[in-house]
Amino acid sequence: MAVQAIPKSWYLPSKPHKFCPGCGHGIVLKALGEVIDELEIQDQVIFGCDIGCSLLSWNFFACDSTQTHHGRTTPVMVGIKRSRPELVCIGYMGDGGGYSIGSQHLLNSAVRNEKVTLILVNNTNYGMTGGQMAPTTLPGQKTETSPYGRDPEQTGYPTMGPEFIAQLTPDSAYVARATVSKYKQLKKYIRSALRNQMEGNGFSFVEVLSTCPTNWRTNAQQTWNFLEDEMERYFPVGELKNPFGKGDK
Amino acid sequence: MQRVIGESKKSFMTGNEAAAWACLAAGADIMFGYPITPQNEVMHYWTRMAPKYGKGFLQTEDELSAGFTVCGGVQSGKKAFTATAGPGNVLMQEPFGMAEAMRLPLLAIIQQRGGPSSGTVVYSQQEVTLTTYGGNGEGHRIVYSTSSHQEIFDYIIKGFNNAWKYRFPVFILGDGYQAKMREPLEMYDPETRGIEMVEPYPLIGLGGKIGEERGPSHLCNIYSLEEELYEVITKVQAEYDALAPQIIEYDEKNCEDADIIIVTHGIVSRAADDAVKALRAQGIKAGYFRPITLRPFPQKELREAIAKNGAKKLIIAESAIGQLERLVKQEIYGETAKIETLFMPGVGIIDSDIIDKVKSVL
C-alpha cells in the first residue's frame, strides 16, 4: 500500500494540530487515522474525546465526533453504541480520565463487555491542567502534586490498566498496551481493537504509552529515554487478550 | 409510529408505571437508569415492556453513567431517557449540564425524595432548585412539575416532543407520592388525540459519505476563548427567552376577585385547590395559581393574576424551605403583594394546613 503522509480520515482544516511539540498524541492519532482509512470506516466512526489533552482531538478527524466531559467518554460511547449498534464508537482519553475520574465507567463497561473501542493515552501525568500526578505516575516521578517524587506509601503504585481490564473481560475482549515508540505495533493493536468491535466480539481497549516533554520538562533525548527505558520497563507492552489469536495482521 | 395502548383506556396504577407506559406511548427508544427510590418502578415496568416493543434498556454503573449514556443515545438520534431522584439527581447534574451545553433533547423523570443527602426515600419538593438551575450553567431547561398520574402521562408525551422540537433537556418533576400511589388515569396513543410526535434525528452518525456528500459533524462543549462561550450562551439565552411563551404552562383559578392567592406547584397544588374551595365556601376570597412549568416560569401570568384584583397577599406553600418561594420572588420582583409562606420540608401538605395558614394571616 502506498504510504500516505496524511490519512484521508484526518480533518485538514484543523491541521496543523494543537498538541505540544514532542507530544505523542499526534502519533496515536496518525495510527488511528491510517487504520480508519484501511478499514474504510470513516463514515461509520463516532469519535468521542475526553477532557484533558485528548480534547484537542475533537475536530481532528473528518469523522462524526463529540466532546464529552472529563472521564465520561466511555458512557457516552456506550450510549451511542447501545442506541445505534451499526456505528463504530471510539473513545479517546487520557490516563486521568480513564483510570481516575472515569474508572468506574471503564471498569463496568469492561465487565459488561461493551462493544466499543477505547484508546487511552498514558503519559504519566495530567498534561492539560499543568502536570499533576496521575494514576500512572511512576514511583519517584516528580510532578506538580508530587514535587518530591511519587511516594507509593502515600499514593500507591501506578495503575496497570490493561492488566486489570484483562481480568474483568471475557475472552472475546481485546486488550493491549502499545507505545508510540513502536509505530507498526501500535497500528496493529488499534486495528485489532477496531476489528474486534466491528465483528461484534466485545470490549476493546488499547493503552498507549506516550510522551509529554512539556510537563516532564525533558529535551528530545530525555523524553525518548523516559518513554523507552522508564515507562516501557514498568508498563509491559504487548497484547493481553486477543480473540484473533497470534496470526492476526 | 407503533401503537402501544390501542383504544384509550382507563387505568389504575402507580405514577411510576404510568411514566413507563407514557414513555412507551411517546415512542421512546431506550432507557438508561440506575436504581434509586422512589423511581425504581419506572425501570421495572420499562424492562418488562421494552423487549416486547423492540426497545432498549441498560442498567448503568451509576447515575453519572446513566446521564451520559442518555446523552450519547440522543446524540445518535434516539429518544433516550432516564429516571432518578435525590442524590441520583445530584450526580446527573453533570450530564444534564452537557445536555444544556450541547442542546441535547434528553428527557429525565425526577421523583423527588427527601433531602439533603440521602434524606428520605419517601417524598419532598426539595429538588426544585436542583432540577431548574442545577449544574454550572444558566438553567436552559424545560421543567414540568406534575400533580397527578394523568399529568405524568400527558407531560411525558409532551416532554419528548418539546425536547426534540426545541432542543432543550426536559424534566418531568414528580415526587415520591406521585411515584408510589395508585390513582386512575386515562392512557392513550398520542395519534388518537391528534398529537403528532416529533421524529428524533441524529446529531452524529449522520450517514452518507463524508467529504463527498457532507462534512463531518463535530459536536463541542468547550471553548478556547471567553468570547466564544459568551456568544454561544447569549444566543441560547435569546432562543430560550423567545421560545418561553410557547413553552410556559400554568393553572389559575379564582384570581379575578382574589384578595389572597395561594401559589403552589406539583402535588401540593391539589391541596391548594381544595383549600381555595373551602375558603371560598367560608367567604374568604382566595385564588389559586400553579406554575406547571417551573422553567421557564410563568412570571407574566402570575403578575397578571395578582393584578386582576390587586391581591394583597400571596401564600407560597411547598414541601421544602423556600425553593419555590425563591423562584417566585426572582420572577415577580417589584410586585408589592406581601408574601407569606408555609414551608413543610419533606412532608406532605393537606388542605387544612393551607386553610389554617390563610386564616392566620388574614
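Some points to look at:
- Counting Cβ atoms of other protein chains within 10 Å of each Cβ in A:41-54 and taking the mean gives 3.
- Within 10 Å of each Cβ in A:81-93, the average number of Cβ atoms from other chains: 4
- Kirkwood analysis of the stretch B:172-211, using all unique Cα-Cα pairs, places the hydrodynamic radius at 14.9 Å.
- Peptides B:71-81, A:26-36, B:302-312, A:131-141, ordered by how many other C-beta atoms sit within 10 Å of their residues on average, highest first, read B:71-81, A:26-36, A:131-141, B:302-312.
- Given +1 at the Cβ of Lys and Arg, -1 at the Cβ of Asp and Glu and no other charges, the dipole of the stretch A:99-249 around its Cα centre is 560 debye to the nearest 20.
- The mean sequence distance of close C-alpha pairs (under 8 Å, at least 6 residues apart), as a share of the length of chain B, puts its relative contact order at 18 percent.
- For the segment B:216-226, counting C-beta atoms of other chains within 10 Å of every residue's C-beta and taking the mean gives 6.
- Rg to Rh quotient for the stretch B:260-312, alpha carbon positions, Kirkwood Rh: 0.99
- In Hz, Karplus ³J(HN,Hα) per residue of the stretch A:109-118 (6.51, -1.76, 1.60; θ = phi - 60°; x = Gly, Pro): 6, 5, 4, 7, 6, 4, 8, 10, 10, 10
- Backbone phi angles across the stretch B:291-298, fed through the Karplus curve with coefficients 6.51, -1.76 and 1.60 (θ = phi - 60°), yield HN-Hα couplings of x, 8, 8, 7, 9, x, 8, x Hz in residue order; Gly and Pro are listed as x.
- Å³ per residue enclosed by the Cα convex hull of chain B: 147 Å³
- Basic side chains Lys and Arg get +1 at the Cβ, acidic Asp and Glu get -1 at the Cβ, and with that the dipole of chain B about its Cα centre reaches some 640 debye.
- The fraction of Cα-Cα pairs per 20 angstrom bin, counted from 0 for the protein assembly as shown, comes to 20, 46, 26, 8, 0 percent, rounded to whole percents.
- Local electrostatic count at A:THR143 - Lys and Arg +1, Asp and Glu -1, tallied over other residues with Cβ under 11 Å: +2
- When each of the peptides B:234-245, B:152-163 is scored by the mean number of other C-beta atoms lying within 10 Å of its residues, the order from highest to lowest reads B:152-163, B:234-245.
- Sum of -39500 (n - 2.57) over DSSP H runs of 4+, divided by residues of the protein assembly as shown (222 nm, nearest 500): -11000 deg cm²/dmol
- Across the stretch B:251-361, Cα-Cα distances exceeding 23 Å account for 16% of all pairs.
- Cβ-defined net charge surrounding B:GLY334, 15 Å radius [Lys, Arg +1; Asp, Glu -1]: +1
- Taking GluC sites (Glu not before Pro) across the stretch B:162-218, the ones in a DSSP loop with at most 10 further Cβ atoms lying within 10 angstrom of their Cβ are B:GLU196, B:GLU212, B:GLU213.
- Between A:LEU120, A:LEU12, A:LEU209, the GNM of chain A built on Cα springs shorter than 10 angstrom shows A:LEU12 fluctuating the most.
- Rg and Dmax [Cα atoms of the stretch B:9-193; Å; Rg one decimal, Dmax integer]: 14.5, 43
- For the stretch B:1-97, convex hull of alpha carbons as volume per residue, Å³: 95 Å³
- Counted charge near A:GLY48, where neighbours are those whose Cβ lies closer than 15 Å (Asp, Glu -1; Lys, Arg +1): +2
- Relative contact order %, the stretch B:9-193, counting alpha carbon pairs below 8 Å whose residues are six or more apart: 30 percent
- Karplus-derived 3J(HN,Hα) values for the stretch B:15-29, using 6.51 cos²θ - 1.76 cosθ + 1.60 with θ = phi - 60°, are x, 5, 5, 4, 5, 5, 4, 5, 4, 5, 5, 7, x, 4, 9 Hz; glycine and proline are entered as x.
- Cross-link check: pairs A:LYS30/B:LYS209; B:LYS253/B:LYS312; B:LYS308/B:LYS329; B:LYS308/B:LYS338; B:LYS10/B:LYS277; B:LYS312/B:LYS359 evaluated at a Cα-Cα cut-off of 24 Å; pairs beyond the cut-off: B:LYS10/B:LYS277.
- The convex hull drawn around the Cα atoms of the stretch A:34-193, when projected onto a plane and averaged over every direction, covers 9.4 nm².
- Å³ per residue enclosed by the Cα convex hull of the stretch A:123-229: 113 Å³
- A simple charge model with +1 on the Cβ of Lys and Arg, -1 on the Cβ of Asp and Glu and nothing else charged puts the dipole of the stretch B:9-193 at about 460 debye relative to its Cα centre.
Coordinate-derived values only; no laboratory data. Just so it is clear, the model here is predicted, and its values are computed rather than measured. Glycine gets a Cβ as well: all are built from the backbone with ideal geometry, and neighbour counts include every protein chain shown.
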